[in-house]
Structure formats: C-alpha cells, structure tokens
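Accompanying notes for the structure given below.
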Amino acid sequence: MKPCGKLFGKGLGGTRRACRREVGHEGRCTDMPFLLHLNDVKPKVAEKIERDSFNTRGASWGKDLDGTQKRRNRQPRWTLSDGDAFFPAHHQTYPNCLLIAEELTIQAYEMVGAPACPKSTEAWLSRPLRPNSSVCPICKQLLEFSEFDLAVQSKAAIDTDHLNPSLTRRHTPGNVAFVHHLCNTTKGDRSLEELEEWMASVLSRHGYSVSKI
C-alpha cells in the first residue's frame, strides 16, 4: 500500500511529519493511522499516546541564573540538540517516536476493558493484538483501560514511564510503557532491577525470606 506521503506540521527541528495513510485517503493526514480509531472513541487516550511519545514531559525543568526557562515544556524530542541540558537522555528521532507511539497503542488496546480494535486499525500495527493481556511492567498486574478515565487535574491513574531511566537515551522503543501511577511513584528514578533489589531488601529487614521464582 503506497503511503500518501504529504508533509504536514511546523517542521520543528528541521523535521516535517509525513502522512502514512494510503494515497487518496479521505479525511486528514496523519503519521499515526493506528490511532485513528482511538481518536474517535477515546480521544484523550489517543492524545496522551501522541503527546507522551513525541514530546518531553510537561513538568518544569527549572530556570537558568538569569531567570529564563531552561527550555519550553512539551518540546518535540527530535528538536533537542547537543549542548541542551537534557541531551541526549531525552532526545529521540522522529521515526523512533513513531515506534514508541505504536507500542503504547498496542499496550492500550491490550488492556482489560479496552475498546475492540477494528481490523482496519490492527492492520497498521506491527503484530496481532492479544486482548486483556496488558500488564503493568512494574507490579505485573493487569492494566484496566478504564483507569485512563480516573485522571483528575493532571493526576493520572496510569502514567507513561521510562522503565530504565539510566539509559543514555531513555526515551527509546522498548523502554517506554504505561504503568500504574502508584507503581511509578514507588519506582521513582530506579530501573526495574534496582526497584526489585530495594523491595527485597525492605522485605528482608521486615523478617521476610525473599527468593526469585
């Protein structure tokens, strides 16, 4: 299937986004056709996937000595460059941001209670979906799609986490996933391995015998 290829967007960081829908498609151009269905049925979830895949986090990065913001929030990751305070950890290329968006979309559709994914949407994904199989990588419990609706005043029940924040480029395919907010808060800036070691040490100090299956 030949893609439309029409360029759109502001060209931030010297990169313009390219439509991946089929030539002659109806409706707007998009580089994430796998999100079209969620945009219709759960637009806030689709917006979260696009925002968290493409942009740096929304929290303030602090100010320089002259009082100016170190950099603007929600900045496309490919616009970070060598010399920025958060390069290369928070930098990622546009194509890899698209891969991360697809990974998060798959994870969302595989949550318990997620809307059924149309075959036309699943065709844009890199692998077949496994409904009701998505787990939080931290606690290993199933993720509920309805928890997306529990967000209140920017406090979400489901967060987007960098599983190993110590990687040179933490925002990379395979290292970005939806997790429970409570799990993410507990994990903090640790990797999954560091968290497991910390939890084992806490349980041991409380008198539990801990072994890995």
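The values are calculated or read from the model by the stated rules, or taken from the named source; none is laboratory data. This structure is a prediction, so every number in the text was calculated from the model and none was measured. Using ideal geometry, Cβ is built from the backbone for each residue, glycine included, and neighbour counts are taken over all protein chains shown. What goes into the accessible areas is simple: the full protein's heavy atoms, side chains included, and nothing from ligands, DNA or RNA. Shrake-Rupley method; radii C 1.70, N 1.55, O 1.52, S 1.80 Å.
Return the only residue of 193, 147 being acidic (Asp, Glu) and under 17 Å from residue 49 (Cβ atoms).
Working: 193 fails: under 17 Å from residue 49 (Cβ atoms).
Checking each option against the conditions leaves just 147.
Tally up the residues in the stretch 7-48 that are of a type in the set (A, V, I, L, M, F, W, C) and either on the phi > 0 side of the Ramachandran plot or assigned to a helix (DSSP H, G or I) (or both), please. Show your work before the answer.
Narrowing the stretch 7-48 to residues of a type in the set (A, V, I, L, M, F, W, C): 7-8, 12, 18-19, 23, 29, 32, 34-36, 38, 41, 45-46.
Among the residues that remain, those that are also either on the phi > 0 side of the Ramachandran plot or assigned to a helix (DSSP H, G or I) (or both) are: 12, 34-36, 38, 41, 45-46.
Number satisfying all stated conditions: 8.
When residue 131 is tested against the conditions (1) assigned to a loop (DSSP other than H, G, I, E, B); (2) surrounded by 15 or more Cβ atoms within 10 Å (Cβ to Cβ), the lone failure is (2). Here residue 178 meets each of (1) assigned to a loop (DSSP other than H, G, I, E, B); (2) under 22 Å from residue 90 (Cα atoms); (3) among the aromatic types (Phe, Trp, Tyr) with one exception, condition (1). When we screen 121, 168, 186, 105 for residues that are among the polar types (S, T, N, Q), open to solvent by 30 Å² or more (accessible area, probe 1.4 Å) and touching a residue at least 60 places away in the same chain (Cβ under 8 Å), the only hit is 168. Looking across the stretch 10-56, the residues that are out of contact with any strand residue (DSSP E or B) (no Cβ under 9 Å at 6 or more places or on another chain), open to solvent by 20 Å² or more (accessible area, probe 1.4 Å) and in contact (Cβ under 8 Å) with a residue 24 or more places away in the chain come down to 36, 37, 41, 42, 44, 50. Residues that are assigned to a helix (DSSP H, G or I), open to solvent by less than 20 Å² (accessible area, probe 1.4 Å) and within 16 Å of residue 51 (Cα to Cα) do not occur anywhere in the stretch 87-96.
I'd like to verify a number: residues in the stretch 136-166 that are outside any loop (DSSP other than H, G, I, E, B) and not charged (D, E, K, R), how many? The qualifying residues number 9. One residue stands out among those in the stretch 57-76 that are modelled with pLDDT of 65 or more and charged (D, E, K, R): the one that is least open to solvent (accessible area, probe 1.4 Å), which is 74.
Give the residue that is most open to solvent (accessible area, probe 1.4 Å), with candidates limited to residues of the stretch 191-211 that are part of a helix (DSSP H, G or I) and within 13 Å of residue 164 (Cα to Cα). Break it down into steps so the answer makes sense when it comes.
Residues of the stretch 191-211 part of a helix (DSSP H, G or I): 192-205.
Add one more test, that the residue is within 13 Å of residue 164 (Cα to Cα), and what stays is 192-196.
Values: 192: 40, 193: 110, 194: 94, 195: 4, 196: 86 Å².
Taking the candidates together, the pick is 193.
When residue 113 is tested against (1) out of contact with any Ser or Thr (no Cβ under 6 Å at 6 or more places or on another chain); (2) more than 27 Å from residue 74 (Cβ to Cβ); (3) not polar (S, T, N, Q), just one condition goes unmet, and that condition is (1).
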